[in-house]
1. Against the definition (assigned to a loop (DSSP other than H, G, I, E, B) and under 30 Å from residue 500 (Cα atoms)), how does residue 360 come out, yes or no?
2. Just one of (1) assigned to a strand (DSSP E or B); (2) small (Gly, Ala, Ser); (3) closer than 24 Å to residue 437 by Cβ trips up residue 615, so point out which.
3. Looking at (1) over 15 Å from the mean Cα position of the chain (by Cα); (2) modelled with pLDDT of 90 or more; (3) crowded, with 18+ Cβ neighbours inside 10 Å, find the lone condition where residue 580 falls short.
4. Residues that are closer than 11 Å to residue 559 by Cα: which strands (runs of 3 or more DSSP E) entirely in the stretch 632-702 hold 2 or more of them?
5. Which members of the stretch 576-588 meet the condition of being touching a helix residue (DSSP H, G or I) at 6+ places or on another chain (Cβ under 7 Å) and either outside any strand (DSSP E or B) or more than 13 Å from residue 651 (Cα to Cα) (or both)?
6. Can you tell me which residues in the stretch 182-207 are open to solvent by less than 90 Å² (accessible area, probe 1.4 Å), assigned to a helix (DSSP H, G or I) and either of a type in the set (Phe, Trp, Tyr) or in contact (Cβ under 8 Å) with a residue 40 or more places away in the chain (or both)?
7. For the stretch 551-575, name all the residues that are open to solvent by 20 Å² or more (accessible area, probe 1.4 Å) and not in a loop (DSSP other than H, G, I, E, B).
Amino acid sequence: MTALPPQPGAKPSPDTPLERISGAVESILYRSEETGYTVCNVKPAGRDGDCLTVVGHTAAIWAGEELTAQGRWVRHPQHGRQFQAEVIQCVTPTSVEGIRRYLASGMIRGVGPVMAERIVAIFGAATMDVIEKESRRLEEVEGIGPGRRRQIKESWSEQHAVRDIMIFLQAHGIGTAQAARIYRQYGADAIAVVKRNPYRLCKDVWGIGFKTADAIALQVGVPPDSPLRASAGLLHLLQTLADEGHCFAPEAELVLQAQDMLNIPVETLGVALVEQLAQGQLVREQDRIYLRYLYEAECRVARDLQRMLDTPCAYRPIKAPEAVAWAERQMKLELAPAQREALLTALGAKVAIITGGPGVGKTTIIRALVEIFSARKLVVRLAAPTGRAAKRMSEATHHEAQTIHRLLKYLPAVRTFEYTADNPIEGDVVIVDESSMIDIRLMEQFVQALPPQASLIMVGDIDQLPSVGPGNVLRDAIQSRAIPCCRLTTIFRQDASGLIVRNAHHVNNGERLETAEGPSDFYFVETAEPEQILARVLDLVTRRMPQRFHLDALGEIQVLSPMRRGLLGAENMNAALQQALNPTGPGLTRGGTTFRRGDRVMQIRNNYDKEIFNGDVGFVKSVDEEDRSLVVTFDGRPVRYDSAELDELLLAYACTIHKSQGSEYPAVVVLLHTQHFKLLQRNLLYTAITRGRKLVCVVGSAKAVNIAIQNNEVRERRTTLRNRLADGVNIAR
């Protein structure tokens, strides 16, 4: 499909009378799944001649369909004469050729061009009636068995239902990709649900926010000052704050923000707040308002950690000094005093924290702990928030490590974890790495599944960016002083002379970056103009780094940006890098992005059914254009996605620095420019630098780098876990 995005300069005169045209859709030149904006070629009905170009918005459209459109003729300065439609209506084709093209367009799973030819060759003009009313007859076609026949029938029924829903929703400003997600959530009840309470969309349908739901609500007749809208607005603001990392909002501030956003009287909002508190959706504690799930998560984490601290170990106490000396002999190394102190802390406490930056010996300490506990025949469980972090942990210790989700065994059929407070995991000692990434919800699920008699050792870097989700678990736990903690600051790594580690610590200390004249593992390429930065990055990734450092551009170099949007954002970088590295081959397009075989991709939401989680990175192994599906391998495990699931994936040649947390790459290229001003912070640059294992290249303006280094104003997250741990108060309900 040729990309022909909307172009200015083709506005018809409002005085020109509306005309009507009809014909068969020959081809789709451009289609936005998000907005429904379409450019298509139409063969006029009842006459010969060239195709017409029709431009407009439509809920769904496929090659082969019969189209009727109302609009006006315009002359576009670039694309010539076009029919700009105000209304487009499509119906199922009736001609044999139209039916063939319709089925071959890919709108029905299991039917591509070859299969469409076979079906139409047998059933001709009756094809649509056969699929609709006598689908068993499809098995008369070569290559169609019971399984494919059911797939065709289900896809046909879904398309018809989705079209009706799309037509209704598009009239209320919903794009086709969102309409498809609404249909998957509610099925045939979608229209009824939306009419009854449009605000359910915010909670139930991923990718639909409050603004969209609010616009629908106002269009379907929900009064602007209704209690339903007031309640939805309050919940939306609290969820927005949660997305920014906060666990609560001060009550007065929440109500004033809601008044400003909704233009609803404070009295109405106050009544709505009381109602939400009474229903249990929200919780008030002093002057703080929480979403119930965040309030309960904080309380349960504090309670369960306190319970572990108060419960004796199931195993005999370990003589820590002797154990440390034994571990040194076993590992054939001499630990520094700070490392010995960290080991003594971990061995002597029921729950302990070890924190520090790169190269300070955290991995060595985990290895020593595994050696000591394993020698005592204790059951040691290793975990990390991400697959890559767990893999590194396993490689370093030669002991199995899992993601927290897999350790707790999610059960898709019942949508819960197998291991819970009532069925804790088996283990005497649990060590969790990259603890700074753990948000309050994941921590709640994790600690409640730990047996009270087990020991817990949390390892992480407090100076990295906090978790993407709400809360600030590691920092709160350290600052509470309720849990023994050892902070490592001295660099012990053998490659401490390398500039990656040294510059990470320079940044953390507010010092300027250090560069070398000759060969190095760290480079700063000063480039002031955004367009030049883009060109430099493309040259580095596609030519210079692969040639000089023998790196695989597709698999070993990761581009990191502070932002998703803009010229230097991850989205634009992905498009440019894909065009440079993987421009052709089989692919599927969704929401303006084409996924091709060989592309590096990232999962952007937890999918428990597939056991793939937010931030997991894989490679597109195969693309089935006829079935409209693809297979992505994650650490060697193949996972299938159909076309409707592609909005869970992003290209991952580039990603945001936040999304890179917990991952480590052979080489990273970091973009920094003053257009990222709002996000330029010390912990952002520190996190980016520490993602690179062998090579780091920072490309951007010196001014932006210096702003980031000097800005150590860590945005405080509104949490109360620190207070709950410090007070030792069990207030969970």
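1. Values: assigned to a loop (DSSP other than H, G, I, E, B): yes; under 30 Å from residue 500 (Cα atoms): yes.
Against the criterion (assigned to a loop (DSSP other than H, G, I, E, B) and under 30 Å from residue 500 (Cα atoms)), residue 360 qualifies.
2. Answer for residue 615: the failing condition is (1).
3. (3)
4. 654-656, 665-672, 692-700
5. Scanning the stretch 576-588 gives 576, 577, 580, 581.
6. If the condition is that a residue be open to solvent by less than 90 Å² (accessible area, probe 1.4 Å), assigned to a helix (DSSP H, G or I) and either of a type in the set (Phe, Trp, Tyr) or in contact (Cβ under 8 Å) with a residue 40 or more places away in the chain (or both), then 183, 186 are the ones that fit.
7. Those that are open to solvent by 20 Å² or more (accessible area, probe 1.4 Å) and not in a loop (DSSP other than H, G, I, E, B): 571, 572, 575.
Rundown of residues vs (1) within 20 Å of residue 577 (Cβ to Cβ); (2) in contact with a Gly (Cβ under 8 Å, 6 or more places away or on another chain); (3) not hydrophobic (A, V, I, L, M, F, W, C), yes/no style:
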{"site": "617", "(1), (2), (3)": "yes, no, no"}
{"site": "637", "(1), (2), (3)": "no, no, yes"}
{"site": "662", "(1), (2), (3)": "no, yes, yes"}
{"site": "696", "(1), (2), (3)": "yes, no, no"}
{"site": "702", "(1), (2), (3)": "no, no, no"}
{"site": "727", "(1), (2), (3)": "no, no, yes"}
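The values are calculated or read from the model by the stated rules, or taken from the named source; none is laboratory data. All figures in this text were calculated on a predicted structure; none of them were measured in a lab. Here the Cβ is made from the backbone with ideal geometry for all residues, glycine too, and neighbour counts use every protein chain on show. Note: accessible area is taken over every heavy atom of the protein model, side chains too, but ligands, DNA and RNA are not part of it. Shrake-Rupley method; radii C 1.70, N 1.55, O 1.52, S 1.80 Å.
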